[in-house]
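All remarks here apply to the structure that follows.
Read-outs: derived from the displayed coordinates by stated rules, not from any lab. All figures in this text were calculated on a predicted structure; none of them were measured in a lab. As a convention, Cβ positions derive from the backbone with ideal geometry for all residues, glycine included, and neighbour counts pool all protein chains shown.
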Amino acid sequence: MSRFRLPRLAVAVPVSCGFAGSLMLTFAQAVLAQTAAMPSPQRLDPLSVTATRGLQPTADLLADVTVIGPDEIARSGAQGLAEILQRQPGSEIVQNGGPGSVSGVFLRGANTNQTLVLVDGIRLTSSTSGSTALEAIPLDQIERIEILRGPASSLYGADAIGGVIQVFTRRGTEDLSANLSAGYGTYSTRTLTGGASGSIGPLRLSVQGGAAASAGFNAIVNPSNFSYNDDPDGYSNANVSASASLPWAEGQQLTAQYFHNKLNNQFDGGPGSDDRTITTVDTWQVASRNRLAPFWVTLFSAGEGSDDSATETGFGDFPFKTRQLQYLWQNDLTLPLGLLTAGLERREERVTSNDSFAVNSRNTNSAFAIYRLQYGANSLQANVRRDGSSQYGGKTTGAVAYGYQFAPSFRMTAAASTGFRPPTFNDLYFPDFSNPALEPETSRNVEIGAYLYGSTSDGTWELRAIGYRNRVSQLIVLDSNFIPRNVQRALLEGVTLGFNTQFGATTITASLDLASPEDSLTGNLLPRRAHEHGAITVLQTIGAVRIGAEVIASSYRYDDAANTKRLGGYGILNLTAEWDVARNWSLFLRGNNVFDNGYQLAADFSTGGATVFGGVRWRL
């Protein structure tokens with residue numbers, strides 16, 4: 001039986017705010033004396049491509065989408081992708097230690113391997129573990145993040161049961177621009193990043209590079225845990241991205257992009273050993289976009305995503321590598337009534353490891369169609385997709401969404417969609433612990449949304465509520481002999497409430513999720529997911545200073561499927577400040593968990609306590 005409770009979100013505030021809070025307050029006091037009021041900003045609706053595979057204003061979308069732009073990323077002060085996802089609607093995270101440690105996201109309560117992660121449209125998911133190394137995608141390389149909530153296999157195929165998170169790396173600009181940033185903070189955390197973009201004639205170019213390192217803290221804090229090792233678990237990474245764009249004629253464009261990051265992260269794997277995982281992720285893509293007729297635009301692209309993970313422990317070394325070659329032919333056709341997008345895709349997966357898999361490759365050929373219609377107050381989107389795999393056969397998925405604009409300030413939407421996730425190579429072929437007879441996991445989702453928005457003389461505001469019910473079947477779980485079986489069913493249902501406003505120089509963003517991510521057979525909460533989770537962020541601009549505060553809170557969770565190991569609820573306060581000290585120069589400071597509240601995202605794993613990170617940023 002599903003259940004919803006009133007939120008129990010609270011932040012414990014001690015008498016003393018500690019070193020982090022004191023430093024943030026001192027910084028704010030020093031700069032506020034030099035500030036003056038700024039004029040009201042003008043709101044522009046962001047554009048999104050993930051929900052339709054084509055550019056569209058978010059205000060016109062029928063899906064539940066969040067777009068996180070470059071300014072929000074820079075001013076967040078976050079040190080990792082998981083950290084910025086934690087404050088988004090419908091999103092909870094798990095992290096086994098500090099920013100460089102293994103991270104995952106529960107989107108609308110789905111498992112971490114049931115959300116598809118794309119980098120510039122390219123898959124980076126490991127075909128052996130089924131997970132995406134979020135910790136290996138540095139924020140300094142990201143220009144924009146789009147989050148599409150709800151099953152989206154009818155758009156992108158496998159793995160999109162909870163939704164899609166798409167990361168876009170930096171792109172070239174017409175005018176010369178450059179950036180440089182350096183920072184230092186708690187646990188000897190230091191970062192350095194820089195890049196430039198511009199054009200040579202019609203050719204636009206961009207390059208961005210960066211590095212980060214941290215001494216870290218002891219990840220596992222429970223001495224009775226088998227993996228406990230009382231030593232700091234730090235990390236280091238080095239990354240680079242590049243892009244080029246050439247519009248060689250009117251309506252004709254060639255593009256190329258590349259991304260690389262190497263992450264070396266220590267973790268606790270047992271006493272007396274220096275355990276670490278070295279993860280190298282790469283993506284590249286070349287594409288040609290061509291307008292063949294006034295009503296017809298076609299896109300050809302080829303690319304590859306690779307995840308090379310080598311775990312070094314006192315028990316031996318365990319390398320796993322995934323390569324995914326991906327090809328796309330997409331056509332956008334403007335019809336007398338509506339827009340039709342149709343295309344073909346091919347994905348070639350190849351895995352290598354020390355273990356001898358009976359099969360180490362599979363190919364998937366796909367065909368999809370998306371129809372969009374805007375007619376008066378009516379909006380419609382319908383998707384259908386067929387994925388044919390050399391390993392698990394064929395799967396057909398679909399979605400239909402409808403919206404009606406009842407008034408200029410009020411709109412409602414309704415949607416139904418399906419999704420699936422195939423078993424991994426580990427599930428199917430890992431020696432002695434696999435099951436070649438496994439079927440793909442499947443899901444059926446319905447949702448309804450209401451949006452109320454408006455404007456005043458000095459700002460805008462939006463209220464939204466989205467209710468969803470997603471039934472997931474054929475879930476793959478391990479039996480008592482650690483053999484994977486299709487035995488579990490889950491019900492993911494809930495309501496996401498959101499509020500955004502921008503008036504004068506003040507921006508407020510808030511969300512609250514009331515959810516029941518449950519095992520359908522037992523009624524237990526799914527591990528590490530809460531009934532209530534929410535966040536509120538307030539950003540104030542005063543002259544040359546931007547100060548912000550955010551609260552992230554969650555109700556209790558359980559670390560195990562049997563619901564015997566309880567993780568308490570938590571509330572944390574983060575503070576940020578940025579000061580434009582001179583033309584093109586700014587100082588920034590962030591305090592995380594400034595009241596040093598003790599909480600865990602995974603049992604026995606520390607979250608690091610109160611931390612401070614600050615630095616200098618230059619932009620041309």
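What to note about this one:
- The packing ranking, built from the mean of other Cβ atoms within 10 Å per residue, places the peptides 128-140, 48-60 in the order 128-140, 48-60, highest first.
- Gyration tensor verdict on the stretch 428-537 (Cα atoms; rounded if a/c is under 1.5, prolate if a/b is larger than b/c, oblate otherwise): prolate
- Computed over the stretch 457-522: relative contact order in percent, which uses C-alpha pairs under 8 Å that are six or more apart: 34
- With contributions of -39500 (n - 2.57) from each DSSP H run of at least four residues, the per-residue ellipticity at 222 nm computed over the chain stands at -1500 deg cm²/dmol.
- For Gly97, the shell of other residues with beta-carbons less than 11 Å away shows a net charge of -4, using +1 for Lys and Arg and -1 for Asp and Glu.
- Estimated dipole of the chain in Debye, rounded to 20 [Cβ of Lys and Arg +1, of Asp and Glu -1, Cα centre]: 1360
- Cα centroid of the stretch 473-522 to Cα centroid of the stretch 433-469, whole Å: 10
- Ordering Val384, Leu438, Phe425 by Cα displacement along the dipole of the stretch 375-441 toward the positive end leaves Val384 in first place; charges were set at the Cβ atoms of Lys, Arg (+1) and Asp, Glu (-1).
- Stokes-Einstein translational diffusion, the stretch 79-135 - Kirkwood Rh over all Cα pairs, 1.002 mPa s, 20 °C, in µm²/s: 184
- Sorting 376-387, 544-555 by their mean Cβ neighbour count within 10 Å, with the most densely packed peptide first, gives 544-555, 376-387.
- Positive contributions from Lys and Arg (+1) and negative ones from Asp and Glu (-1), summed over other residues with Cβ under 15 Å from the Cβ of Phe357, come out at 0.
- Amide H contacts of Thr189 (H built 1.01 Å from N, under 5 Å, at least 5 apart or other chain): Ala215
- Here the Karplus relation 6.51 cos²θ - 1.76 cosθ + 1.60, evaluated at θ = phi - 60°, turns the backbone of the stretch 242-258 into coupling constants of 8, 8, 9, 9, 10, x, 7, 7, 4, x, 10, 8, 10, 9, 8, 8, 8 Hz, with x for every Gly and Pro.
- Peptides 491-497, 217-223, 599-605, ordered by how many other C-beta atoms sit within 10 Å of their residues on average, highest first, read 491-497, 599-605, 217-223.
- In this structure, the amide hydrogen of Ser48, modeled 1.01 Å from its nitrogen in the peptide plane, lies closer than 5 angstrom to those of Gln56, Thr58, counting only residues at least 5 positions away or on a different chain.
- The chain: C-alpha gyration tensor shape, a/c 1.5 cut-off, then a/b vs b/c: rounded
- Percentage relative contact order, the chain, counting C-alpha pairs under 8 Å, at least six apart: 15
- Between the stretch 553-590 and the stretch 316-351, the alpha-carbon center distance in angstrom: 35
- For the stretch 483-533, the dipole from Cβ point charges (+1 on Lys and Arg, -1 on Asp and Glu) about the Cα centre works out to 220 debye, to the nearest 20.
- Remark: the stretch 52-123 carries a charge dipole of roughly 160 debye about the Cα centre, counting +1 on each Lys and Arg Cβ and -1 on each Asp and Glu Cβ.
- Here's the picture: charge each Lys and Arg Cβ at +1 and each Asp and Glu Cβ at -1 in the stretch 173-300, and of Pro232, Gln253, Thr189 the one pushed furthest to the positive end of that dipole is Gln253.
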